[in-house]
Amino acid sequence: VKEMLRDKKTLLMVILTPIVTLPFMGVVLVYLPAVQEVVIAVIDEDLSEASIGNFSVSSQSIALFLRDYLTHFGFLTTSEETEVAQVILKIPVGFVANLTSYEHQASVILVKRLGSPRVDQAVAYVELLLNHISRIVSEAKVYNLGKLANLTVKTEAVLNPIALRTVALTPAGRPAEAGEELRLYLSRMLAVSLAFVTTPAASYIADSLVGEKERKTLEKLLSTPISRTSFILGKSLAASLVGLVGGASSVVGAVLLYLAPTVVHSTNVAKYVSPEVLVVLFCSSYTSILVSLSISLPIVLRSPSIRAASISSASVIGIASVTYLASLFVNLDELRVPMSILLAIPYASLASAVIRTSLGELLRAVAYLTYSLVFSIVLILASTKLLDPEKMVISRV
């Protein structure tokens, strides 16, 4: 334990990394996209107007409508084409004539500059507004045709003969509550955050093992009556303490992740946090660090040199980081054979435990945690058989 406490700066990083990183992630996700400046040019080249029965349409009013709403959504708008415009919408000559026609289709020209998700978001808003305008004009045309034919026409029956009603269900089969998708997305972010806890802690643990070789303290340690089992269990106890610290800091960081957007952007996502997710996050963080120790132990103990041990330990950290990142895009426990074997990696099980908890599947989450914990214990016990004191002492640099 003294060995683990010797490097106080690294231990401090284990504590601070999730506490600093997670709320920053929350701010980045919610606040920064809104403050990125995107200029949208809405250019009216038509400058005309027409009517559909009693319904009048003008290109000027359409352009003004687009600019007003896009400004409301947080974008900068202009009526002229400029070099700084990332999105350009041109209303060409003849647009209104075609829009009010029963024989032709109106078209606009939309140009976007690549390189920013915020630009893609702006384009999505433009398309949404154009669809809204298209809907209004379609309703006017249907109403006018019905009036000319002396028929009572319901526009919805003509424009949307099939009504789609989507019902979201949880894996348990119950109707999903409002905000369930956001809660799931935030849980994926928490699963990814396990990498922020695991990386410094796993590096800390691996370095403590390799450090015994580098400082030549291992020879003195193994010359004492201490048994191989006691040596391994001592390292495991130290890792457990680091795991408890890392788990606690990850929970604090998770709470800040939910609170940060509320503070900086008045976006209340704190209501989506649940005690169950925080408890499982703590257990997953602790177990993740223990898993890193259990995997690093046999690798370091059997490495022919200090350099090989360091590289091998870094590989373990890399596998953990990639696995946690993958959980942001896919449910690792729903992959088909042969990719489903990835769930055998404890890191994949731990990430799945956090996600399943947010979906209300606590038993499944407990099963994943139990598997990872058993995996760690088995490898730690196996490491006691792999410890070769003589080989460790004479390891090359």
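The values are calculated or read from the model by the stated rules, or taken from the named source; none is laboratory data. Predicted model, so just to flag it, every value in this text is computed and none were measured. Note: ideal-geometry Cβ built from the backbone for every residue, glycine included; neighbour counts use all protein chains shown.
A few remarks follow.
- Residue match in the range 117-134 (condition: at pLDDT 90 or above, surrounded by fewer than 13 Cβ atoms within 10 Å (Cβ to Cβ), among the aliphatic types (A, V, I, L, M) and in the same structural domain as residue 60 (by TED's automatic domain parsing)): yes
- Hey, residue 5 surrounded by 13 or more Cβ atoms within 10 Å (Cβ to Cβ), assigned to a helix (DSSP H, G or I) and either of a type outside the set (S, T, N, Q) or at pLDDT 85 or above (or both) or not: no
- Residue check, residue 174 at pLDDT below 75, loosely packed, with under 14 Cβ neighbours inside 10 Å and not assigned by TED's automatic domain parsing to the domain that holds residue 26: yes
- Evaluation of residue 182 against the conditions (1) more than 21 Å from the chain's Cα centre (by Cα); (2) in contact (Cβ under 8 Å) with a residue 24 or more places away in the chain shows that the sole unmet condition is (1).
- Across the range 353-397, the qualifying residues are those that are among the polar types (S, T, N, Q) and farther than 14 Å from residue 291 by Cβ, and the one among them that is modelled with the highest pLDDT is 357.
- Test: residue in the range 79-91 that is surrounded by 16 or more Cβ atoms within 10 Å (Cβ to Cβ), at pLDDT below 90, under 35 Å from the mean Cα position of the chain (by Cα) and not in a helix (DSSP H, G or I): no
- Residue match in the range 304-312 (condition: at pLDDT 85 or above and farther than 24 Å from residue 249 by Cα): no
- Residue within the range 318-334 that is in a helix (DSSP H, G or I), at pLDDT below 90 and over 21 Å from the mean Cα position of the chain (by Cα) present: no
- Condition met for residue 111 (in contact with a strand residue (DSSP E or B) (Cβ under 9 Å, 6 or more places away or on another chain) and part of a loop (DSSP other than H, G, I, E, B)): no
- Residues of the range 49-62 satisfying the condition of being more than 47 Å from the chain's Cα centre (by Cα) and not in a strand (DSSP E or B): 53, 54
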